[in-house]
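Novice: The structure follows.
No value in this document is a laboratory result; all are computed from the given coordinates. No experiment lies behind these values; they were computed from the predicted model shown. Heads up, the Cβs are rebuilt from the backbone with ideal geometry, glycines too, and the neighbour counts pull from every protein chain shown.
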Amino acid sequence: MDSMAKTGTTSQGLREAIERSGYYPALVADAVEAAVGREAVASYVVHQETTFDSNEVRRHATVLVLTGTRFIVSHTDEQSADSTAPAPYATTSTESVKLDRISSVVLSRVVSDPQSYKPGTLPREVVLTIGWGAVSRIDMEPANCGDPNCEADHGYTGSTTADDLSLRISEAGDGPETVRQTLEFAQALSEATAAAGR
């Protein structure tokens, strides 16, 4: 992880955030470092999520990194021992996306007591959705003409939604600093993709 630490304070902050998460920090940091390479880190978010699957507790870590030319997403999951593996194991993956490929950055905010909202107040929850065309969801339904007595086949209608990454961060579960960091990351990514599209 030394090469990440040398690129500047933001890379050092990323390293510290990965270590603070406590979720296989050496594995996560190694995967992120390999994906970032020699580029400087402009912004990042480290998010750990715990889910319950039947009688098992599973953890998942997502690391989002913005460099001058790319958006990098890393996922790490732990798996229980099974018939193919006698011991628990973890899988980690990284994807590197050129900034000009990002088609949408959607940030949804949930605020409490909206009538007394003051600018700069942290939302209670944010959902960051990023699309770059790797995964799309198609919602289809039978089309109709509006005539309730019509029995003709009008085919289907539907919509396509970019569904590459969606990350939910809450103040209660993740802390105010992670919410703030997600807001900053979303703004930095939006600005970077706008500049890359020029």
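Novice: Which fully enclosed helices (runs of 4 or more DSSP H) of the stretch 1-116 have 2 or more residues being surrounded by 12 or more Cβ atoms within 10 Å (Cβ to Cβ) and in contact with a strand residue (DSSP E or B) (Cβ under 7 Å, 6 or more places away or on another chain)?
Specialist: 9-21, 25-36
Novice: Another one. Please enumerate the residues belonging to the stretch 50-105 that are under 17 Å from Asp30 (Cα atoms) and of a type in the set (Asp, Glu).
Specialist: Listed by number, the residues that qualify are Asp77, Glu78, Glu95.
Novice: Consider the stretch 117-132. How many of its residues are assigned to a loop (DSSP other than H, G, I, E, B) and closer than 22 Å to Asp164 by Cα?
Specialist: So the answer is 1.
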